[in-house]
Amino acid sequence: MSENQQNEALQLRLRAALRRVDPGEGFAPGVMARIAAEPARTARPARAGAVAGWLAFGLAASLVLAALLAHEWQARRLEQGREARRQLLEALRVTDEKLNLAYRAVNSQERAASAEHSGA
Amino acid sequence: MLTQALAGERAAFAALVRQHQRAVYSLALRMLSDRHAAEDLAQEVFLQLYRNLSAVSSQAHLAFWLRKVTMHRSIDRLRRAPRLESAAPAELAAAVSETQPADPLLERRLRALVGELPPAARAVVLLRYQEDLDPADIARTLGMPLNTVKSHLRRSLAQLRERLDETAAALI
């Protein structure tokens, strides 16, 4: 037998060996039962989807609120810092004025004392 | 029947299942070498069809779609659970006992040898000799280059002939 004839014989045998087989009587009803169960299965994901949507909305709202509070807190801290700086500068200014007055008073007394010495 | 199924008639869809169940189940059975896994996979294919029926435009398209999805799902299943690949093909022999083959032992041996081919080569051989598709249709179904299909066919036939000869020599 030539190689071609051998191949043809093998292909005939393959066609016979690989003929289709029936899955049995229960197959189609099984598919239809699974299809009938489908709406119940898809309803759950739909509800789950709605819940997930609300959760996502809640989470997003919480994040926005947290960002606003953080911004407000930071603004207050900045304002408090500015107020403290202003008060410190004011205190320094007052101290500076008082020191100047004291310095002038001491200077004038020294000048008066030296004038008395030179007069005597 | 397809038009009625597209219109949402469940009875028409059940008729479509009965019309194509032998092809889908047989492909799955010979790819997976496991009757329960094959039945489960074939049912999943029809469920997927039910969900995507609007994408099917004709009976020819339906047959093409079913073969394509069955083969891709089978190959995916084998990738995920390779132990199915080496499952004993005794179940395959039992599955065809409903008919009287010309040479049951030879046919059983041939099915076992086809079950031992690598998944891609097995898919090509099944589409060629079970579904009687030409190489161009096989290439379209599996999304494979035509030359690869031809090469799988050539090598698989050579391998099957060689293994059958070995079996015959062992029996003599």
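Some observations on this one:
- Helix A:3-17 and the long axis of chain A differ in direction by around 80°, with both axes built from C-alpha atoms.
- Chain A: angle of helix A:27-36 to the longest principal axis, Cα-based, in degrees nearest 10: 30
- In nm, spacing of pseudo-spin labels at A:Ala91 and A:Leu69 (7 Å Cα→C-beta vector): 3.3
- On Cα atoms only, tilt of A:38-119 relative to the major axis of chain A in degrees: 10
- Highest-MSF residue in chain B out of B:Ala60, B:Ala42, B:Ala136 [GNM, Cα springs under 10 Å]: B:Ala60
- Number of partner chain Cβ atoms within 10 Å, mean per residue of B:49-57: 1
- When the charge dipole of chain A is built from unit charges on Cβ atoms (+1 for Lys and Arg, -1 for Asp and Glu) and taken about the Cα centre, the candidate among A:Ala115, A:Ala70, A:Leu101 whose Cα reaches farthest toward its positive end is A:Ala70.
- Residue exposure sequence - B:Leu62, B:Leu6, B:Leu126, A:Leu89 - by fewest surrounding Cβ within 10 Å: A:Leu89, B:Leu6, B:Leu62, B:Leu126
- Within chain B, helix-based [θ] at 222 nm, where runs of 4 or more DSSP H residues each add -39,500 (n - 2.57), nearest 500: -25000 deg cm²/dmol
- Residue-averaged beta-carbon neighbours from other chains (10 angstrom radius) around A:5-16: 5
- Gyration tensor (alpha-carbon) shape descriptor, chain A, a/c threshold 1.5: oblate
- Inter-chain shielding of B:151-161 (mean C-beta neighbours from other protein chains, 10 Å cut-off): 2
- Between the range B:113-159 and the range A:58-109, the Cα center-to-center distance that results, in Å: 83
- Among B:Thr167, A:Thr95, the order by Cβ neighbours within 10 angstrom, fewest to most, reads A:Thr95, B:Thr167.
- 19 Å reach of a label modelled at A:Ala113, 7 Å along Cα-to-Cβ, counting backbone N of the range A:65-104: A:100-104
- The longest part of chain B holding none of the exposed loop GluC sites (Glu not before Pro), meaning those outside H, G, I, E and B in DSSP with at most 14 other Cβ atoms within 10 Å, is B:10-97.
- Based on Cα contacts under 8 Å between residues 6+ apart, chain B shows a relative contact order of 21 percent.
Since every read-out is calculated from the coordinates, none of them should be taken as a lab result. Predicted, not measured: the structure shown is a model, and the values here were computed from it. Ideal geometry is used to build each Cβ from the backbone, glycine not excepted, and the neighbour counts take in all protein chains shown.
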